[in-house]
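S.K.: Okay, here's the structure, questions in a sec.
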Amino acid sequence: MQVLQVVISGISQGLIYGLIALGFVLIYKATETVNFAQGELMMLGAFLGLTAVTFGMPFWAALPLAFAGMWVIGILLERVVLRPILGQPAFTVVMVTIGVGFVARGVVTMIPGWGTDTHALAAPFKGELVRAGGLVVGMEHIVVIAATIALSTALYLFFRFTRVGVAMQAASQNQLAAYYMGIPVRRLNSLIWGISAGVAALAGVLLAPITFVHVNMGFIGLKAFPAAVIGGFGSLPGALVGGVIIGVVESLSGVYLPEGFKDIAAYILVLVVLVVKPTGIFGETASKKV
Amino acid sequence: MSAPMLKVEHLSVAFGGVKAVSDVSFEVRPGEVFTLIGPNGAGKTTIFNAISLIVPATGRISYEGRDLAGLAPHQVAKLGIARTFQNIELFEHATVLQNLLIGRHVHRRTNLAAELLFLPSARREEHEFREAVEKVIDFLDLAHYRDQMVAGLPYGVRKVVELARALSTEPRLLLLDEPSSGLNVEETDDMAFWIHDIQNDLGITVLMVEHDMGLVSRVSTRVLALNQGETIAEGTPAEVQSHPAVVEAYLGTAEAT
């Protein structure tokens, strides 16, 4: 029974990684670059939600507000920072996003009321427990699990079936050719940064009851990144599966392996996956084969 | 004579201090194959890029009487202009079929909700697109490669896939940038037939840049010769090829003799 409980909490922790990894995958799918500021966008989203709640808004109203606020910030980010380097090698974009992450952390510490303190975000469901056959799961985890699955399903359908979603993937493979197919590449880039920042905000606000709101909470992105790699970077279901695998391995190694393994388990796993199957579990090339 | 389909007037493009194209004017008439020739660096591809609005140019370009100035690059496709590239620009990590279906993007009419729920309207459109694309596949003999990833295909086939994708947009004007470059004799032969069929059977007007003089003479209605960004001759393929300025541009001056 204990193993099962450990696995369950691993899964719920893993879906948190998966939720953040969705943001990585979104940007990658649409622009074939990696946004290393994803964790920081999540942190900003959490602070926006926190501020809304502090001003007396109910939690469920703060969530869409944070989503909308970060959507705008994402679009601004694309417009101001990323559009000028459109067409540069992916490496340039990676460096710029790392820089954006640093700036975001710096700016947050300067904002009165945000600063370097740790804040608690009161959620209506905080502390409630769901019991089933001797297993216990916190309500805040259930919410994350539900949100993650709903979001990834919606995004999967979006990329698979909609004109805009398909056009985004085309533009990520070849911007020049996409223009000639009548695809407004710039508008789509801006849209995907909005969506991705919005998803990050949802992750941040939903995570807040579990991890608290703090300027360095974005570092959880360092665990979400291996989740995306294991899943195969461009795959939305892969991000979830990768997240769950990392979460479960982490919590199992925390209980059954010597001290310290918990923190490096994720990276060991990434190394193994990269050696065995470099494209990740749901790697693009594999899934697109005939 | 019918009104010109594409009209380029006093087109100039400069990159820094270098004039890539200076004061070039020409007209492409409906139904013809109009070819730009000239040595490397003559500005042929730059003219294509200017028509596609991806390099800033001065002068006037109008298509079916409409000035292209002020349009965004992605809007050019909606007007019915398609293009292939000298160095092949395909969606590499997608199948041939997926590449061609993207070509139908400009013709999509359904909205987000219909697409997500796969409503009858979306389903019907999907069928129409597939039919249109299958016609192109038949036309260019690509059935064998339909479901293969582009990244793994030989160069000659990729060249044809690019042409197929351009045709999938159902253009009225097709810009071909060196359709025969990198092709062997047999493949070039096929290309000549296809260009001929595109002009005659599909009724698409073609503006082409080409180096292979054999191909140029076989398919072109009219030819414009450029050298260092300037027009040096215009006329039928035979007229242009025997024009002294063209001979000089290609072979150098006759000083030595």
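S.K.: About the Cα centre, and with charges only on the beta carbon of Lys, Arg (+1) and Asp, Glu (-1), how big is the dipole of chain A? Nearest 20 debye, please.
M.R.: 760 debye
S.K.: Test of understanding: ordering B:MET213, A:MET70 by Cβ neighbours within 10 Å, fewest first, what list do you get?
M.R.: B:MET213, A:MET70
S.K.: Now, a different point. Compare the Cα positions of A:ALA171, A:ILE142, B:LEU215 along the charge dipole of the protein assembly as shown (+1 at Cβ of Lys, Arg; -1 at Cβ of Asp, Glu; about the Cα centre) and return the one farthest towards the positive end.
M.R.: The one lying farthest along the dipole's positive direction is A:ILE142.
S.K.: What percent do you get for the relative contact order of chain B when only Cα pairs under 8 Å and 6+ apart count?
M.R.: Relative contact order, chain B: 27 percent.
S.K.: Taking the Cα centre of the protein assembly as shown as the origin and placing charges on Cβ (Lys, Arg +1; Asp, Glu -1), which of B:GLY38, B:TYR250, A:LEU82 is farthest toward the positive end of the dipole?
M.R.: A:LEU82
S.K.: Output wanted: per-residue J couplings in Hz (rounded whole) for segment A:207-220, from phi through Karplus 6.51 cos²θ - 1.76 cosθ + 1.60, θ = phi - 60°, x for Gly and Pro.
M.R.: 6, 3, x, 8, 10, 6, 9, 8, 4, 9, 5, x, 5, 4
S.K.: Hey, any idea what the orientation-averaged projected area of the convex hull of chain A's Cα atoms comes to, in nm²?
M.R.: In nm², the orientation-averaged hull projection of chain A is 16.3.
S.K.: Determine ³J(HN,Hα), in whole Hz, for all residues of segment B:187-197 in sequence, where each value follows from phi through the Karplus function 6.51 cos²θ - 1.76 cosθ + 1.60 and θ = phi - 60°; x replaces Gly and Pro.
M.R.: 5, 5, 4, 4, 4, 4, 5, 5, 4, 4, 5
S.K.: Starting from the Cα of B:LYS7, draw a straight line to each of the aspartates and glutamates and keep only those under 19 Å, dropping any in the same chain fewer than 8 residues away.
M.R.: Candidates past the 8-residue exclusion: B:ASP23, B:GLU27, B:GLU32, B:GLU64, B:ASP67, B:ASP177, B:GLU230, B:GLU234.
S.K.: Antiparallel as a % of all DSSP beta bridges within chain B, to the nearest 5?
M.R.: So the antiparallel bridges amount to about 55 percent of the total.
S.K.: Sticking with this structure for a sec: Give me, ordered by chain and number, the residues 5 or more places off B:MET5 or on other chains with an amide H under 5 Å from its own placed amide H.
M.R.: B:VAL28, B:ARG29
S.K.: Here is a follow-up. Over chain A, with a Gaussian network built from C-alpha contacts below 10 Å, which listed residue (A:ILE16, A:ILE75, A:ILE149) shows the highest mean-square fluctuation?
M.R.: A:ILE149
S.K.: For B:ILE232, which sequence-distant residues (separation of 5 or more, or a different chain) have an amide H within less than 5 Å of its own amide H, given hydrogens modelled in the peptide plane?
M.R.: B:ALA225, B:LEU226, B:ASN227
S.K.: Could you go through segment B:177-183 in sequence order and give the Karplus-derived ³J(HN,Hα) for each residue, using 6.51 cos²θ - 1.76 cosθ + 1.60 with θ = phi - 60°, rounded to whole Hz, and x for Gly and Pro?
M.R.: Coupling constants for segment B:177-183: 9, 6, x, 9, 5, x, 9 Hz.
S.K.: While we're looking at this one, here's another question. Do you know the relative contact order of chain A, to the nearest whole percent, from alpha carbon pairs under 8 angstrom that are 6+ apart?
M.R.: With pairs under 8 Å counted, the relative contact order is 36 percent.
S.K.: How big is the equivalent ellipsoid of the protein assembly as shown along its three axes, where each semi-axis is √(5λ) from the Cα gyration tensor, reported in whole Å from largest to smallest?
M.R.: 54, 24, 21
S.K.: Between A:TRP60, B:HIS93, B:VAL76, whose Cα lies farthest towards the positive end of the dipole of the protein assembly as shown when Lys and Arg beta carbons carry +1 and Asp and Glu beta carbons carry -1, centred on the Cα centre?
M.R.: Value computed over the given set: A:TRP60.
S.K.: Oh, and also: Please identify every one of the chymotrypsin sites (Phe, Trp or Tyr not before Pro) in segment A:1-101 that sits in a loop by DSSP and has no more than 12 other beta carbons within 10 Å of its own beta carbon.
M.R.: Taking segment A:1-101 and a limit of 12 other Cβ atoms within 10 Å, the loop chymotrypsin sites (Phe, Trp or Tyr not before Pro) found are A:PHE55.
S.K.: Using Cα atoms only, what is the angle between the long axis of helix B:155-168 and the major principal axis of chain B, expressed in degrees (0 to 90) to the nearest 10?
M.R.: Tilt of helix B:155-168: around 70 degrees.
S.K.: Then there's this: Please identify, among B:ALA113, B:ALA82, B:ALA57, the residue showing maximal mean-square fluctuation in a Gaussian network model of chain B using a 10 angstrom Cα cutoff.
M.R.: Of B:ALA113, B:ALA82, B:ALA57, the Gaussian network model singles out B:ALA113 as fluctuating most.
S.K.: Then there is this: Structure shown: which of B:LYS78/B:LYS135; B:LYS44/B:LYS159; B:LYS19/B:LYS44; B:LYS19/B:LYS78; A:LYS126/A:LYS262 lie over 23 Å apart, alpha-carbon to alpha-carbon?
M.R.: Where the Cα-Cα span goes over 23 Å, the pairs concerned are B:LYS19/B:LYS78; A:LYS126/A:LYS262.
S.K.: Assuming a viscosity of 0.890 mPa s and a temperature of 25 °C, what translational diffusion coefficient in µm² per second does Stokes-Einstein assign to chain B, Rh being the Kirkwood radius over Cα pairs?
M.R.: It diffuses with D of about 127 µm²/s by this estimate.
S.K.: How large is the charge dipole for the protein assembly as shown, taken about the Cα centre, if only the Cβ atoms of Lys, Arg (+1) and Asp, Glu (-1) carry charge, to the nearest 20 debye?
M.R.: 1800 debye
Bear in mind that the values in this text are calculations on the coordinates, not laboratory data. The structure displayed is predicted, hence computed values, not measured ones. Here Cβ is always computed from backbone atoms with ideal geometry, including for glycine, and neighbour counts include all displayed protein chains.
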